[in-house]
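The values are calculated or read from the model by the stated rules, or taken from the named source; none is laboratory data. What you see is a predicted model, and the numbers here were worked out from it, not measured in a lab. Positions of Cβ are generated from backbone atoms using ideal geometry, with glycine treated the same way; all protein chains shown enter the neighbour counts.
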Amino acid sequence: MTAPTGPGAGREVSPEHALRRLELTVVRRLDGLLHGQHQGLVPGAGSEIGDSRVYVPGEDDVRRMDWSVTARTTIPHVRDLVADRELETWVLADLSPSMDFGTAAMEKRDLVVAAVAAMGFLTSRIGDRFGAYVIHGDQVHRLPARTGRPAMYALLQTLLDAPRGMPAPGPTRLAEAIQLLGAARRKRGLRVIVSDFLDLGRGGDPGAEREWERPLRRLVARHQVLAVEVIDPRELDLPDVGLVALTDPETGRTREIHLSPKIRRDYAEAAAAQREATRLALRRCGAGHLVLRTDRDWVYDIAQYTLRHRRTAHLAGRHPTRRAGA
């Protein structure tokens, strides 16, 4: 599969045309994978079938009788219904200076917009709401949750129009943004964090706890959370080009370095250790983890992750302890 055109490539045409092309890319190739199918979190009147339980005369509607379980157990059972609830999705989009970088099909920032669009277009149904928090410069901006495609287009347009190259006075405020994300809305739903997670642990130790781990654990305790890690291949290894000038996008500091074999090897090892530490930290927190790369087909990677997730959920649902009357 070849990588589709990213939102950054669409800057040569009108922004509206670029967004519509992005929507077509997402919907045509992922439609049906992420759509709806979200159930309520509490039992009640609705259309989704829940678990079977023993029939209570005078209280239960006989029209909900579960005849198959009743026949197996010789005890009358009824099916509970799961209340339908609208899904409220909030995404945290990292547009810090480190995202203004890319050496492959697109920049990391464009991949962030693509990931937000995929989650927005494919988790929305009638009545569902989608909002965002955006890390940009030294501020965390809130875009209110709204329903409908026009609101989604407006949100994505805001992300595309965000100025580039805005220096931040310090490290990316990911921990603070996650805290705001958790405190904003108490209603349970889906929370998506799209970032490169390029930070070291406390004291500069890659294996130490990240500052964002504790707020992320609190977020996972109440919501379904997906962490989307955005990577460029040059962040994993360096080319054999001799003397180069490297600039830190967060601070603006520049340093000339001769890329000897030893430096390239040490860099690759340090980058691999940092990424592995991030993976373990997200796993400790209990968040889902999806990796998107600027040199890969991001639509294919989202589809593969979604299929694995659904397959795992399906197998968990078939566990004998979850089936009444079995």
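What the table shows:
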item	result
Residue in segment 159-180 that is over 30 Å from HIS258 (Cα atoms), surrounded by 14 or more Cβ atoms within 10 Å (Cβ to Cβ) and modelled with pLDDT under 85 present	yes
Selected residue [out of contact with any helix residue (DSSP H, G or I) (no Cβ under 7 Å at 6 or more places or on another chain), of a type outside the set (D, E, K, R) and more than 29 Å from ARG296 (Cβ to Cβ)] from THR158, THR123, THR147	THR147
Inter-residue pairs, beta-carbon under 6 Å, first closer than 24 Å to ALA114 by Cα and in segment 228-250, second among the β-branched types (Val, Ile, Thr) and in a strand (DSSP E or B), 6+ apart	VAL228/VAL194; GLU229/VAL291
Members of segment 225-243 found to be of a type in the set (Asp, Glu) and either part of a strand (DSSP E or B) or within 22 Å of the chain's Cα centre (by Cα) (or both), listed by number	GLU229, ASP232, GLU235
Selection count, segment 267-314, where residues are outside the structural domain of ALA227 (by TED's automatic domain parsing), acidic (Asp, Glu) and either surrounded by 12 or more Cβ atoms within 10 Å (Cβ to Cβ) or not in a helix (DSSP H, G or I) (or both)	1
Filter result for the condition that a residue is closer than 24 Å to VAL112 by Cβ, among the basic types (Lys, Arg) and not in a strand (DSSP E or B), over ARG210, ARG264	ARG210
